[in-house]
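Have a look at the structure below before the remarks.
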Amino acid sequence: MRLAIIGAGMAGLSAAQRLRALCPESAIVIFEQEQRVGGRVSTTTQHGARFDDGAQYIKAPNAALEALLRAESVDAPPLDIGLPVWTFDAQGTIMPGDAAQNAAPKWTYRAGLARLAQILARELDVRCGVRIGRIARANGSYLLFDEHATIVGAADAVLLTPPAPQSAAIIAASALPPQPQQTLLAELGRVGYRPCLSLTFGLPPLLRARPWYALVNTDRRHPISWLAYEHLKPGRAEGQHLLLAQMAAQWSREHWQAADDEIAAQALALIAALLQEAVPTPRWTALRRWPYALPERGADANRLNQTLPGIFFAGDYTAGQGRVHLAIEQGWRIAEQIAAFAPAGG
């Protein structure tokens, strides 16, 4: 069977890896519009620092996930951050976090979270810098066209893993049977996302020591959603402190079009107020805009994956939450469905 996967995020990569194990004879090609793999598992290196400006760490709540982390990364083993996440509310009141959740490891890598995506991708046929614009059914196969209307691949089955609006744009532009196409578009249209402005500040090493690694807002009523001492992760920075702030959805929407320096100045003032500490003047600032940071509403994965033979969907919006381990598990599940389809597909 020939399988084309659109998107080299964690769901797409884990699906490809699992399908290789289930159907070794399969020919799998992954098309990724960016020049890197991992999706929102993103690590940036600049100014002598390394920081995760998307997902913050990986949970492994079951043996299969922990085995994946350890087996796939023997050359660069995962490390537990080892410090708790505390909480804060709309008034900025900081409190100890949930003891049970903090007892579980928060896995990361010295090279950043993107290291796991790179490990998963290293034996796969991943073609970066290719944006799929549409697909079409022809002579028993699905043809994939890039944004320039050039055919870049043919497959018996296609797995779409981008965020729901991007997957919907591909389906809407595709030559597919009208009724199933409308069913897919209606289901994908149910999904909503929270945007996020993610800021990282490189500071002189003057921040006060804290009993936590990060803070998370629990009532979704503060302008800041997440604030982390990123330099406490192993291998992230020497001679400087890193503050990483991910802003709440409403604040991000309201400031999305603002200039970078304006966003940074306002965010830094909010951080100082939350920490009740004079934050040193940053040596540098990095800003990342995530328009599809976390799903607010999910889609019915069964409906999506049973509407049109050979067309499959996976991602955070089919898992219901934006968590790395859930995306991996979703990739595993969809791979099993694709493997069951394989005899009919090829």
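Overview of results
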read-out	value
With every protein chain in place, the stretch 296-346: carbon and sulfur % of accessible area (1.4 Å)	44 percent
Under 5 Å, built H, 5+ apart or other chain: amide partners of F313	L160
Descending Cα extents along the principal axes, the chain, whole Å	66, 42, 35
Whole-number accessible area per residue in Å² for the chain, which is evaluated in the context of all protein chains at 1.4 Å	43 Å²
Exposure of S141 as accessible area (Å², to 10), given a probe of 1.4 Å and all protein chains	20 Å²
Per-residue SASA entry for C128, accessible area with 1.4 Å probe, Å² rounded to 10	50 Å²
Share of pairwise Cα separations in the stretch 215-293, more than 17 Å, in percent	47 percent
Accessible-area composition of the stretch 1-147, carbon plus sulfur, in percent [1.4 Å probe]	50 percent
Phi-based couplings in Hz for the stretch 273-280 (Karplus 6.51, -1.76, 1.60; Gly and Pro marked x)	5, 5, 6, 6, 8, 6, 7, x
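The values are calculated or read from the model by the stated rules, or taken from the named source; none is laboratory data. Because the structure is a prediction, the values reported are computed rather than measured. The accessibility values were calculated without ligands, DNA or RNA, using every heavy atom of the protein model including side chains. Shrake-Rupley method; radii C 1.70, N 1.55, O 1.52, S 1.80 Å.
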